[in-house]
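J.: Mind looking over this structure? Questions follow.
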């Protein structure tokens, strides 16, 4: 298939990092690639841009269609299109931050479909420097999810607890889908939502911790970590609220689990749970204490 100028038509898949929240956070290469694409899909279930910023981007690069989890996790339609056209998937942050997008890349490669990656600023490398904690001291990150149908996962608390015990800070991303379906009923988790979820996890683990010694499969490290974190008063559990990072509305507040519940937050929020801090880290954190 050839275009009128005689050059072969470019086909394939572009996974384009949009950065955290505005066209200014995209690289020039990312904007140029998105403009050159025949079709542009905005993946809108792992993270969101403000609607106004998305509209501004559309003015620059052309029409953008929103897609949700089912069309990305079952990408036959998109990959078939990519055999005949140049298809761009626009992804907030970095395009390879989520394993869903890595799987999409792998499926394209298995079909011999050219797949180009244009990296973007990710929340994982943005937050650590902005808050002032050493990137080397962050442990495994986690995501706080809504309580689906009354059921609450405690695995995020286990990650936070084990990291704390090992002296590692934790980045906790926040869910934006109360239904868990990934089909578009997004409500980015607020600080008060997150505080409630953490309390639910703590209460659930406290109920189970009595029987923890009877569970032979539970690692001793996890046992110790969960016992320690559930014994803490909520006023003693420090947390950093990071809202709308990388945008003009960026806000950082150093507080406790009790204080978190009273904060409004922004459009998109995440949390950092500091562990043991050096003098420099503690001085950096104290910049973000909100005066009453």
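J.: For residue 278 and residue 36, what is the calculated FRET efficiency with R₀ set at 51 Å and r taken between the beta-carbons, to the nearest 0.05?
T.: On the way: r = 47 Å, r/R0 = 0.91.
In this case the efficiency is close to 0.65.
J.: Pairs of Cα atoms under 8 Å, at least six residues apart: use those to get the relative contact order of the chain, whole percent. Before the final figure, lay out the partial values.
T.: Numbers: 539 pairs, mean separation 55.5, N = 292.
This gives 19 percent for the chain.
J.: While we're on this one: In a Gaussian network model over the chain where Cα atoms closer than 10 Å are linked, find which of 147, 30, 172 has the largest mean-square fluctuation.
T.: 147
J.: Now a separate question. Relative to 2.2 N^0.38 Å, what does the C-alpha radius of gyration of the stretch 124-286 come to as a ratio? Two decimals please. If you can, show how the numbers build up before the last one.
T.: Numbers: Rg = 15.6 Å, N = 163, 2.2 N^0.38 = 15.2 Å.
This ratio for the stretch 124-286 stands at 1.03.
J.: When only C-alpha pairs under 8 Å and at least 6 residues apart count, what is the relative contact order of the stretch 12-121, in percent? Walk me through the numbers before you get to the answer.
T.: Numbers: 204 pairs, mean separation 51.7, N = 110.
Computed value for the stretch 12-121: 47 percent relative contact order.
J.: Give me the extension gain from residue 110 to residue 192: residue separation times 0.36 nm, minus the current Cα-Cα distance, reported in nm with one decimal. Provide the component values of the computation, followed by the final result.
T.: On the way: separation 82, 0.36 × 82 = 29.52 nm, distance 4.37 nm.
Answer, rounded to one decimal: 25.2 nm.
J.: Need the C-alpha centroid separation for the stretch 22-45 versus the stretch 115-138, integer Å.
T.: Taking the Cα centre of the stretch 115-138 as reference, the centre of the stretch 22-45 is 20 Å away.
J.: Now, a different point. Quick check: the angle from helix 155-165's long axis to the longest principal axis of the chain, C-alpha only, nearest 10 degrees?
T.: Approximately 60 degrees, to the nearest ten.
J.: Also: In Å, what Kirkwood hydrodynamic radius results for the stretch 12-121 from the alpha-carbon pair distances?
T.: Details: mean 1/r = 0.0743 Å⁻¹.
Taking the inverse mean of 1/r over all distinct Cα pairs, the stretch 12-121 comes out at 13.5 Å.
J.: Given the options 257, 236, 48, state which has the largest fluctuation in a GNM of the chain using a 10 Å cut-off (strictly under) for Cα springs.
T.: 236
J.: Another one. Using Cβ contacts closer than 10 Å as the measure, can you line up 278, 227, 190 from fewest to most? Each step should come with its number before you reach the end.
T.: Numbers: 278 11, 227 15, 190 18.
If I rank by nearby Cβ atoms, fewest first, I get 278, 227, 190.
J.: Still on this structure: List 60, 92 from most exposed to least, where exposure is judged by having the fewest other Cβ atoms within 10 Å.
T.: Working: 60 11, 92 26.
Neighbour counts put them in this order, fewest first: 60, 92.
J.: Same structure, new question: Mean-square fluctuation check for the chain, GNM, Cα pairs under 10 Å: which of 40, 164, 140 is largest?
T.: So, out of 40, 164, 140, the one fluctuating most is 140.
J.: Could I ask something else about it? Fewest Cβ neighbours within 10 Å first, please rank 151, 288 accordingly.
T.: 151, 288
J.: Ok, one more. Give the label of the value calculated from the structure for Kirkwood radius over Cα pairs in Å, choosing from (1) 20.7; (2) 18.7; (3) 20.0.
T.: Recomputing Kirkwood radius over Cα pairs in Å here picks out (1).
J.: Let me ask something else about it. How much mean residue ellipticity at 222 nm does the chain get from its helices, if each DSSP H run of length 4 or more adds -39500 (n - 2.57) and you divide by all residues, to the nearest 500 deg cm²/dmol?
T.: Values: 11 runs with 107 residues, N = 292.
The helix-only estimate for the chain comes to -10500 deg cm²/dmol at 222 nm.
Read-outs: derived from the displayed coordinates by stated rules, not from any lab. Here the structure is a predicted model, which is why all the values come from computation and not from measurement. Quick reminder, even Gly has a Cβ in these numbers, built from the backbone with ideal geometry, and neighbours come from all protein chains shown.
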